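What follows is a set of notes on a single structure, which appears directly below.
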Amino acid sequence: MCMVQLDGVCFAYDDHPVLNNISLVVASGDFLVVVGPNGAGKSTLLKIMAGIARPQGGEVRIDGQSVREAQRQGLIGYVPQTYGKNSAGFPATVEEVVALGLVTGGVTRPSKQLATHIVEHMLELVDMADLRSRRIGELSGGQLQRVMVARALAGNPRLLLLDEPTSGIDADASAKIYELLGTLNRNLGITVVMVSHDIEKATCWASRVACINRGLCFLGSGREFRDSHMPVRHFWYETGR
């Protein structure tokens, strides 16, 4: 079954083209890692899948329907890249932040008892239950990432989109994030699309890799990417090729 389908997607900021005629399919249950140089349009592509940005050309379907309808049904969980920069003084606890994920699109908010149960389950899933009362500004980078994954999962999405989830955290914390995402993908069947600059490690977890440089310059397995495409760095490293 197709979870994400992009047909001829184009996007530009003012007169600056960012994405040009991107077409790809993400099957249900895939773990797709999106790589490419800075400025190649990776984050923009993720925002288009999440419904935060609208393409200026082409079509996007999530689980066979419009992005707006998928949002309304709570099918999409999104973890952005920049939230951590403003979290230090935010007066919210870990469990309060995770509970925010229960308010998703047009999905009815669960009862207080069910909401408490869901938040507790999400915290256990990401191994953060012991820190439920901690202020998020007191967390390490890796702990904060896991909280934001839990927040995205609270709405019970079928598609999880993550923008650089291991950026700015140490190797041990990164490994835990990859293990968590792999578990969610394998055991719960959640389709994962992750933008990453951590190419060597991320592509080892991926079932498929997409290399974006305004256009789609590679789509295949992680092994195929590492063997045939990653060594030819000039092909994807220079933005605008």
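Apply the a/c threshold of 1.5 to the C-alpha gyration tensor of segment 97-181 and tell me whether it is rounded, prolate or oblate. Kindly include the intermediate steps, with their values, before the conclusion.
Numbers: a/c = 2.17, a/b = 1.53, b/c = 1.42.
Prolate.
Working ranking of peptides 146-154, 160-168, 133-141 by packing, defined as the average number of other Cβ atoms within 10 Å per residue, highest first, is 146-154, 160-168, 133-141. Exposure proxy for Y13, Y78, Y178: other Cβ atoms within 10 Å of each Cβ, ordered fewest to most, give Y13, Y178, Y78.
At 222 nm, what helix-only mean residue ellipticity would the chain give, in deg cm²/dmol to the nearest 500, using -39500 (n - 2.57) for each DSSP H run of four or more?
Numbers: 8 runs with 77 residues, N = 241.
Here the helix-only value at 222 nm equals -9500 deg cm²/dmol.
When the chain is described by a simple charge dipole with +1 on each Lys and Arg Cβ and -1 on each Asp and Glu Cβ, the residue from L219, N20, A53 located farthest towards its positive end is A53. Nearest-5 percent of antiparallel DSSP beta bridges in the chain? Expressed as a percentage, antiparallel bridges in the chain total about 55.
Against the set (1) 12; (2) 7; (3) 19, the structure's computed percent of Cα pairs over 35 Å apart falls on (1).
Does segment 40-171 come out rounded, prolate or oblate, given a ≥ b ≥ c as the square roots of the eigenvalues of its C-alpha gyration tensor, rounded meaning a/c under 1.5 and, failing that, prolate meaning a/b above b/c? Judged from the Cα gyration tensor, segment 40-171 comes out oblate (a/c at least 1.5, b/c at or above a/b). Label zone (H121, point 7 Å along Cα-to-C-beta; backbone nitrogen cut-off 14 Å) within segment 172-200: 188-189. If only the Cβ of Lys and Arg carry +1 and only the Cβ of Asp and Glu carry -1, the dipole of segment 35-186 around its Cα centre is close to 520 debye. Overall shape: oblate for segment 122-171, with the ratio a/c of the largest to smallest alpha carbon gyration tensor axis at 1.5 or above and b/c at least equal to a/b.
Where a number appears in this text, it was derived from the coordinates with a stated rule and is not lab data. Here the structure is a predicted model, which means the values were calculated and not measured. Using ideal geometry, Cβ is built from the backbone for each residue, glycine included, and neighbour counts are taken over all protein chains shown.
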